Amino acid sequence: MMSAGENQANRSDSSKTLFAKFGGLLASLFYCRLDRNSMANFENFVIRVYGIGIHDGRLLVTDEFWYDTPMTKFPGGGLEYGEGPVDCLRRECREELGQEVAVTGHFYTTDFFQETRFLPGRQLISIYYLMNLSAPEAIHVASKPFDFELREGAISFRWIDLDTLDANAFTLPIDRLVAAKLLAGWNDSRKT
């Protein structure tokens, strides 16, 4: 039977052997310091999830009024603790559109730094999915942009024909980028 001192020495030797073998990896795992600028500080990040719904050659967009700002964007919203991005999109569509959606694929995730427009000091990560609406004809849509009283939280939906869509119609920079990518794919598919 080993004494406490011998047991401690064996553990120390094992640690030294592991450290010698895996060096930097163990150092990063056991001795890393998580500071306020690291990824571990999740309150520095805002994750938004959006759906790209196309029906009969038209794209579903939402007009909203938040932070005294009228904005045109894709349907979706903020990821809540405990849900995955697809679950977030499904929940947002149930809440905003009153219907289930089938998520058919990933389209884009922000791949550059973007500070949030309304929460300075926080980084925005936006995830976009292609989706099929269960009842697109049942969505109450407006015939013109911002067809509501401009008050905090006001929202309306409308369809935009992809043949006439302008990416600059979107208010937020990542939405404009996604719309441009979507239009490039749409135009390419029309050529074949």
**Asked** Within the stretch 42-78, can you find the residues that are more than 19 Å from Ile125 (Cα to Cα) and either surrounded by 18 or more Cβ atoms within 10 Å (Cβ to Cβ) or among the small types (Gly, Ala, Ser) (or both)?
**Response** Gly53, Gly57, Arg58, Leu59, Leu60, Val61, Thr62, Asp63, Glu64, Phe65
**Prompt:** Within the stretch 169-184, is even one residue acidic (Asp, Glu) and touching a residue at least 40 places away in the same chain (Cβ under 8 Å)?
**Reply:** yes
**Asked** How many residues are surrounded by fewer than 16 Cβ atoms within 10 Å (Cβ to Cβ) and assigned to a loop (DSSP other than H, G, I, E, B) if we restrict to the stretch 79-94?
**Response** 5
**Message:** If Arg33 meets every condition in (1) modelled with pLDDT under 95; (2) within 28 Å of Glu149 (Cβ to Cβ); (3) not polar (S, T, N, Q) apart from one, which number is that one?
**Reply:** (2)
**Prompt:** Condition test on Gly105, is it within 24 Å of Phe45 (Cα to Cα) and out of contact with any helix residue (DSSP H, G or I) (no Cβ under 6 Å at 6 or more places or on another chain)?
**Reply:** yes
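The values are calculated or read from the model by the stated rules, or taken from the named source; none is laboratory data. For clarity, every value in this text was computed on a predicted model and none was experimentally measured. Ideal geometry is used to build each Cβ from the backbone, glycine not excepted, and the neighbour counts take in all protein chains shown.
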